[in-house]
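Just below is one structure, and these are the notes that go with it.
Bear in mind that the values in this text are calculations on the coordinates, not laboratory data. What you see is a predicted model, and the numbers here were worked out from it, not measured in a lab. With ideal geometry, Cβ positions are generated from the backbone for all residues, glycine too; neighbour counts draw on all protein chains shown.
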Amino acid sequence: MKAALTAFALAGTICAEAALAETPDLGGREVVVVTENAYPPLQFVDPKSGEAVGWEYDAMADIAERLNINVVYENISWDAMIAAVSEGQYDMGMTGITIREDRMEKVDFSDSYMVSQMMMIVAGDESRFDDAQGFAADSDLLAGAQPGTTPFYVTIYDILDGDEANPRVIQFETFGAALQALRTGDVDLVLSDSTAANGYVSASEGRLKIVGEPLGTEEFGFIFPKGSDLVGPMNDAIAEMTADGTLERLNTKWFLEYKMGQ
């Protein structure tokens, strides 16, 4: 966890180096934000309260005050989100979205608000392998992944042989379905960035654990339709939140203090 927070601090340092501009007043403008609510602790439905909560919700509440916007939330599946935002169905998308060049062809990204690392999640009693090399070497082991996501591509290209049709990767429509398959023993490995991985493991009461070294680093950003005039104000708010310690406080709340279901 300390390594994860160090990564978040790095993101903050990068943003803080940018010249801070006074955040603009957008006059109460309505901004429709779409999310999946399936990515703890960034955004998810709290199992106790039944309310949608998380790091990104808190961040957006803070941003709304700084920019004077009225945020309206909608839900959509991950596989439809980027296309829907690209087509202008929503003003903005958030769900721990990795900033990647191929996605930049379809949507505009905000500046990075968080840096995370890809981690290997396995069953709590897993003893057949403890790193990526051990998993790759045993042809009987299966990985679960959601197609089109960073975990899918890391599994294929960084752990296995680069064949996107490799039968050892079982594809699921949602990350939650892949994680459930791991819990029931239908797959042996699921990859996720450290933000979600730590959230799921901490809530599993020992049924899940993280093994091996981090598999690369990724930066998260909010997405917008190409040419959106919200990108600049959003970047101003992110820079200001970095400089005044808001992002650090959110990291502490959601990655250290929060316990799912309690």
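So which trypsin sites (Lys or Arg not before Pro) in segment 189-228 pass both tests, a DSSP loop state and at most 16 other Cβ atoms within 10 Å of the Cβ?
ARG207, LYS226
In whole Å, what is the distance between the alpha-carbon centres of segment 81-100 and segment 31-69?
That distance is 15 Å.
Measuring from label point to label point, each 7 Å out along Cα→Cβ, what is the ARG249 to GLU65 span in nm?
The modelled label-to-label distance comes out at 0.7 nm.
GNM on the chain, C-alpha springs below 10 Å: top fluctuator among ASN235, ASN166, ASN70?
ASN166
Got the relative contact order for segment 116-211 handy, in percent, Cα pairs under 8 Å and 6 or more residues apart?
46 percent
In whole Hz, what ³J(HN,Hα) sequence does segment 104-110 give by Karplus (6.51, -1.76, 1.60; θ = phi - 60°), x for Gly and Pro?
In residue order, the calculated couplings are 5, 6, 10, 9, 8, 10, 6 Hz.
Cross-link list LYS209/LYS253; LYS226/LYS253; LYS106/LYS209: which exceed 26 angstrom alpha carbon to alpha carbon?
LYS226/LYS253; LYS106/LYS209
How long is the gain from GLU30 to ASP161 if the chain were fully straight, where each residue apart is worth 0.36 nm and the alpha carbon distance is subtracted?
Result: 42.5 nm gained on full extension.
Averaging sequence separations of C-alpha pairs under 8 Å and six or more residues apart, then dividing by the length of the chain, give the relative contact order as a whole percent.
31 percent
Tell me, what ³J(HN,Hα) does each residue in segment 206-219 have, in order and in whole Hz, if you take phi through Karplus 6.51 cos²θ - 1.76 cosθ + 1.60 with θ = phi - 60° and put x for Gly and Pro?
x, 7, 10, 8, 9, 10, x, 8, x, 9, x, 10, 9, 10
Out of SER116, SER204, SER127, any idea which swings most in a Gaussian network model of the chain, alpha carbons joined below 10 Å?
Answer for the Gaussian network model of the chain: SER127.
Given N residues in segment 116-211, what is Rg(Cα) / (2.2 N^0.38 Å)?
0.95
Given (i) 35, 20, 16; (ii) 32, 19, 17; (iii) 24, 22, 18, which label gives semi-axes √(5λ) of the Cα gyration tensor in Å as computed from the coordinates?
Label of the calculated value: (ii).
I'd like to verify something in the chain: which complete DSSP H helices, judged by Cα projection on the helix axis, reach 20 Å or more and average at least 0.0 on the Kyte-Doolittle scale?
Answer set is 2-16.
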